[in-house]
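Each reported figure results from applying straightforward, stated rules to the coordinates on display, with no laboratory input. None of the values given here were measured: they were computed from a predicted structure. Cβ placement follows ideal geometry from the backbone for every residue including glycine, while neighbour counts extend to all protein chains displayed.
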Amino acid sequence: MLSADRDAIRIAQDPKFTRWLEQITATGGCTHPVHLSGSTTTLDAATGEILRYYDAREEPGERLLVRCRNRRSTVCAPCSRLHAGDTFHLVRAGLVGGKNVPATVRDRPRLFVTLTALSFGPVHGAGELCRPRRDGGTCEHGRPVSCHAAHDSAEPLVGQPLCRDCYDYAAHALWHAHAGELWDRFVIGVRRQLATAIGLAQSRFRDHARLSFARVAEYQRRAAVHVHAVVRLDGPAGPNDEPPAWGTANRLIDAVCASARRVLVRAPYSSAVGELALRWGVQVDARPLRANGTGPDDDAVAAYVAKYVTKGAGETGAGLDHKVTTWDDVDTAPVSKHVRTLMRTCWRLGGLPEYAPLHLRTWAHTLGYRGHILTKSRAYSTTYAALRAERAHHVGRVDIPDTVTDAHWRYVGSGHTPGAALIAADIAKDLATNSEITREVRIAGRREPGASSA
Ligand SMILES: [Zn+2]
Ligand SMILES: [Zn+2]
Ligand SMILES: [Zn+2]
């Protein structure tokens, strides 16, 4: 008999096995739960009377198990599913209401926007003909500048440069390092464009309207990040407020496109690289989400965004899920030549004092990009914390008003024994099959909103 099976039998014979199963179920079958020891005491705020006392010493193994809450499916599938579900609800609430967001947001100007990175050099693409050029020819390194193959999207060559020496790796890494700033300036630019279009002083925009968004970063095959975002226009008070009459979807589209074209960020000057002017790529897509059901479906958009938050840089083949600390780490990373060259570029440029503020070595594993995968503005919809609190409420951990809670918790370990891992995996599988959220995401995910991801 396998030792994991023997271990599972040992656990099943434990007198506290039922409670243990409850705990594992409460963590959703998390593959790497955190073990805590400690207690909470709930007191009546007025009298000091103890209303409730909970001590982890009563639990099996004298510890409380809590979720690892990792968003990446390669690290913990159950927690990443939960995170995707939360993202789905977070994005969806901003589109159609719910979770304290009024249903009227559905009738506001709402766009699904895709912004791409610049071109840093020609790469092989999937589809009919890769890069046909009748005149053919070679680059200064003697490599062909055209490719007449029809690559399948699964081919590793797709996304790799035609010539690695022509490809502008420094620009690629530095573009990633400034992607967050490009986004911030883009949002400011959209407000500015809207204000200008209706003859409003820029400083007065906030008295008339408010721009909310949720955006997700996705690595393309060429290992460059592009951005999908839901952008919504409300009245000045946010989701509960109607936008002014001039705030139409068409005006918003014009403002988005104009801002995306104009935004420019200058990378710090370096004698090694020169001065780079960084912009968004020419491929900008802004499509309206209509309340009447024409255009991309709201659920499909929410599911599309949710899908990306469970993927780490490693899973998409663009970088690694963990930081690199030495040049050797970069050399031995299980990545394509193209990605390795990008990581090396981050490492090299990260050693230059002029780029120190960009922390390129710290973010070499994500190819210089240091933003979160999902970012949203405050007024867009609910928060992950609120969704977690709501879930805690559902499982009976109700906050009692007018009480104080005194909690002492200590980390005592993490993970499962081999047998516990088997049982947890079974529970996770059961929960996944029964989970309505997962089903919603899966069904909606089949109908992608059709944004280009070349
Ligand atoms: Zn987990
Ligand atoms: Zn090709
Ligand atoms: Zn070349």
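On a 26 Å Cα-Cα criterion, which of the cross-link pairs LYS16/LYS311; LYS99/LYS323; LYS307/LYS376; LYS16/LYS429; LYS99/LYS376 come out too long? Beyond 26 Å: LYS16/LYS311; LYS99/LYS323. Would the stretch 81-376 count as rounded, prolate or oblate if I go by the C-alpha gyration tensor, calling it rounded below 1.5 in a/c and otherwise prolate when a/b exceeds b/c, oblate otherwise? The shape class here is prolate.
When you count the other C-beta atoms within 10 angstrom of each residue and take the mean per peptide, 44-56, 345-357 line up highest first as 345-357, 44-56. Listed by number, the DSSP H helices of the chain that run 27 Å or longer by alpha-carbon position along their axis and have mean Kyte hydropathy of at least 0.0 are 77-96. With the Cα gyration tensor of the stretch 79-141 giving a ≥ b ≥ c as the square roots of its eigenvalues, does the rule (a/c under 1.5 for rounded; else a/b larger than b/c for prolate; else oblate) give rounded, prolate or oblate? Prolate, because a/c is 1.5 or more and a/b exceeds b/c.
Each residue of the stretch 110-124 is assigned a 3J(HN,Hα), and the resulting list reads 10, 10, 9, 10, 10, 10, 10, 7, 4, 7, 10, x, x, 10, 5 Hz, derived from the Karplus form 6.51 cos²θ - 1.76 cosθ + 1.60 (θ = phi - 60°), x at Gly and Pro. Within the chain, the cysteines lacking any other cysteine Cβ closer than 4.7 Å to their own Cβ are CYS30, CYS68, CYS139, CYS257, CYS346. Dimensions of the stretch 230-376 along the principal axes, based on C-alpha atoms and rounded to the nearest Å, stand at 57, 33, 28, largest first.
In the chain, the calculated helix contribution to ellipticity at 222 nm averages -10500 deg cm²/dmol per residue, counting -39,500 (n - 2.57) for every DSSP H run with n ≥ 4. Ordering 196-208, 14-26, 79-91 by mean Cβ neighbour count within 10 Å, with the highest value first, yields 79-91, 14-26, 196-208.
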